[in-house]
Amino acid sequence: MSDAKIKAPRGTYDVLGEQVAARLQLESRSRTILEGAGYERIETPTFEATELFARGVGASTDIVRKEMFTLEDGGGRSLTLRPEGTAPVCRAYVEHGMHKRRQPVKLWYLSSFFRHERAQAGRYRQFWQVGAEALGSEDPAVDAEAIVLLNTLMMEMGVRDATLRLSSLGSVESRAVYRERLQAHLHANEGDLAAEIVARIDLNPLRAFDSDHPGTRAVMETAPRLLDFLSAEDAEHFAQVRELLDVAGVPYVVDSTLVRGLDYYTRTVFEYTSTALGAQSGVGGGGRYDGLVQQFGGPSTPGMGWAAGIERILLSCDPHHTAPADLELFVAVEEHSATLRKTAFALASRARSAGLATQIELAGRSLRGELSHAGALGARYVAIVGEGHTVLKNMQSGGQETLATDTVIHAVLRAHSDL
Ligand code: AMP
């Protein structure tokens, strides 16, 4: 058998040390902000029927065409590791009859997602997103509120150099009219476009707005804009979303070239970018998806949501310094006899039951080694368990007293409450 080192797969990473603290902080802020606004946490499975994403995310999208991790279960069914969170949430909404609850139903998640992408800084194959979805109301206040909540999270985390871009894609009908006009414009200028854009004129012409190919960009400058094709109702909806963002004091720029990479959006779409991130500048984004629940066999239900990348949020804000958890008691032994080790183990267990953060010597160190280890861990007290007594040492003052072992916890707790 080979004993060569096995590494984590390409595009994945381990979360270690300080990163754990930063992620916990992001999770706890997300929870405070979203649950404070009435969003409930939801967990969906890591994999779903492939059909869910093929139908929901859209066959013409990059995600479905080339980025899904798909596997077969033993019975010939096709499963896919979730590449995004909206389709699973809509599936759960239908499956659990949530349309019978008070509307809108507001749900949030913080989970890992999987896309088979070219791994690079800020782009992974397993990544994490915090997301929020509000189903069951087409009120523009739902859109504005969701955007305000993401904005609050961005501000609280200290995301640097962020811009919020906002647009409306209108309804499926007005988009169909627009699509034809855009296709005509692209066909008329095919000679100047990148080959990959020409190949996708019929499949997904809107993605031409995302290209950085200079010829394509020049053609897109004179392309018709979707915002000019909105129906009166959609234009009014968009105006109200903007007004509410204005009264909430959230700055944004209207960007008529904004197209999101997923097919299900209608009306409002938005994206947060941070120039602190370099090439992968998208921190989070989302929009309204009024037809999606129906596509999964549910009643006609409007929806609105967003997702933001955990890695990108953390990369675009200054590191948060959190103090390591306090260690109240370190239990050492005077010498490593079987009896003393047992007494020490029992003492540590009782200390934990009494609510003290406690660690115990686990590597057979000498007494000196134990004390220096406890010092490195920042322990407040060290209990040195001996034959028939225990020495309790205060690591801050250096003072120590000899006690009956079964009074040690009481002594630490009393000192604790005097603090
Ligand atoms: P999307 O679902 O594509 O709109 O992505 C929403 C957010 O998820 C993006 O703005 C990124 O912050 C994050 N994201 C998407 N794909 C990846 C990836 N492969 N690696 C890391 N973060 C990602």
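So, in the range 226-240, of the ones that are closer than 17 Å to HIS185 by Cα and surrounded by 15 or more Cβ atoms within 10 Å (Cβ to Cβ), which residue ends up farthest from the chain's Cα centre (by Cα)? Explain how you work it out, then say what you get.
At the first step, the residues of the range 226-240 found to be closer than 17 Å to HIS185 by Cα are 226-229.
Checking the rest, the ones that are also surrounded by 15 or more Cβ atoms within 10 Å (Cβ to Cβ) come to 226-227, 229.
Details: LEU226: 30, LEU227: 30, PHE229: 34 Å.
If we take residues in the range 226-240 being closer than 17 Å to HIS185 by Cα and surrounded by 15 or more Cβ atoms within 10 Å (Cβ to Cβ), then PHE229 is farthest from the chain's Cα centre (by Cα).
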query = Does the range 156-166 hold any residues that are more than 11 Å from SER274 (Cβ to Cβ) and at pLDDT 95 or above, and which are they?
reply = ARG165, LEU166
key: Residues located in the range 81-100, provided they are among the β-branched types (Val, Ile, Thr) and within 19 Å of the chain's Cα centre (by Cα)   = THR86, VAL89
ask   = Restricting the search to the range 83-129, which residues are within 11 Å of the ligand (Cβ to nearest atom) and part of a loop (DSSP other than H, G, I, E, B)?
value = PRO83, GLU84, GLY85, ARG115, HIS116, GLU117, ARG118, ALA119, ALA121, GLY122, TYR124, ARG125
message = So, VAL253, is that one under 30 Å from the mean Cα position of the chain (by Cα) and modelled with pLDDT of 95 or more or not?
response = yes
note = Checking VAL241, VAL219, VAL253 in turn, the sole residue that is in contact (Cβ under 8 Å) with a residue 24 or more places away in the chain, of a type in the set (Val, Ile, Thr) and touching a Lys or Arg at 6+ places or on another chain (Cβ under 8 Å) turns out to be VAL253
message = Which count do you get for residues in the range 239-254 that are in a loop (DSSP other than H, G, I, E, B) and of a type in the set (Gly, Ala, Ser)?
response = 2
query = Which residues, counting only those in the range 381-419, are over 22 Å from ALA338 (Cβ atoms), in contact (Cβ under 8 Å) with a residue 12 or more places away in the chain and touching a helix residue (DSSP H, G or I) at 6+ places or on another chain (Cβ under 8 Å)?
reply = TYR381, LEU392, LYS393, ASN394, MET395, LEU403, ILE409, VAL412
task = Taking the residues in the range 44-58 that are of a type outside the set (D, E, K, R) and surrounded by fewer than 16 Cβ atoms within 10 Å (Cβ to Cβ) as candidates, determine which candidate is farthest from the chain's Cα centre (by Cα).
result = ALA49
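Identify all residues within the range 231-250 that are touching a helix residue (DSSP H, G or I) at 6+ places or on another chain (Cβ under 6 Å) and at pLDDT 95 or above; write none if there are none. If you could, list the steps in order and put the result at the bottom.
Taking the range 231-250 and keeping what is touching a helix residue (DSSP H, G or I) at 6+ places or on another chain (Cβ under 6 Å), we get 231, 237, 240-241, 244-245, 248, 250.
Passing the criteria: HIS237, GLN240, VAL241, LEU244, LEU245, ALA248, VAL250.
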task = State yes or no: is ALA346 surrounded by 12 or more Cβ atoms within 10 Å (Cβ to Cβ), free of Cβ contacts under 8 Å to residues at least 60 places away in the same chain and over 30 Å from LEU135 (Cβ atoms)?
result = yes
inquiry  = Against the condition surrounded by fewer than 20 Cβ atoms within 10 Å (Cβ to Cβ), aliphatic (A, V, I, L, M) and in the same structural domain as LEU150 (by TED's automatic domain parsing), how does LEU71 come out, does it pass?
reply    = yes
key: Close pairs (6 angstrom Cβ cut-off, 6 or more residues apart or separate chains): more than 14 Å from LEU110 (Cα to Cα) and basic (Lys, Arg) in the range 290-318, more than 10 Å from the ligand (Cβ to nearest atom) and not in a loop (DSSP other than H, G, I, E, B) anywhere   = none
query = How many of the residues in the range 276-329 are within 16 Å of the ligand (Cβ to nearest atom) and part of a loop (DSSP other than H, G, I, E, B)?
reply = 6
key: Residue within the range 204-211 that is touching a helix residue (DSSP H, G or I) at 6+ places or on another chain (Cβ under 9 Å), outside the structural domain of MET157 (by TED's automatic domain parsing) and over 27 Å from ALA307 (Cα atoms) present   = no
query = Is one or more of the residues making up the range 3-12 modelled with pLDDT of 90 or more, assigned by TED's automatic domain parsing to the domain that holds PHE127 and surrounded by 11 or more Cβ atoms within 10 Å (Cβ to Cβ)?
reply = no
query = Name the residues in the range 68-82 that are assigned to a loop (DSSP other than H, G, I, E, B) and within 16 Å of the ligand (Cβ to nearest atom), would you?
reply = MET68, PHE69, ARG82
ask   = Residues in the range 1-43 that are more than 15 Å from the ligand (Cβ to nearest atom), under 16 Å from the mean Cα position of the chain (by Cα) and not in a strand (DSSP E or B): how many?
value = 17
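Inside the range 387-397, can you point out the residues that are crowded, with 16+ Cβ neighbours inside 10 Å and either assigned to a strand (DSSP E or B) or more than 47 Å from the chain's Cα centre (by Cα) (or both)? Outline the logic, then answer.
Pass one, the range 387-397, residues crowded, with 16+ Cβ neighbours inside 10 Å: 390-393, 395.
Within the range 387-397, THR390, VAL391, LEU392, LYS393 meet the criteria.
Residue by residue, here is whether (1) in contact (Cβ under 8 Å) with a residue 40 or more places away in the chain; (2) in a helix (DSSP H, G or I) holds:
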residue	(1), (2)
ILE197	no, yes
ALA208	no, yes
ALA223	yes, no
ASP228	no, yes
ASP234	yes, yes
HIS237	yes, yes
request  = Consider THR402 carefully, then state whether it is over 45 Å from the mean Cα position of the chain (by Cα), assigned to a helix (DSSP H, G or I) and of a type outside the set (Phe, Trp, Tyr).
outcome  = no
inquiry  = Kindly evaluate TYR272 against the criterion of being in a loop (DSSP other than H, G, I, E, B), within 14 Å of the ligand (Cβ to nearest atom) and aromatic (Phe, Trp, Tyr).
reply    = no
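The values are calculated or read from the model by the stated rules, or taken from the named source; none is laboratory data. Remember, it's a predicted structure, so these values are computed and weren't measured experimentally. Reconstructed Cβ throughout: ideal geometry from the backbone, glycine too, with neighbour counts over all protein chains shown.
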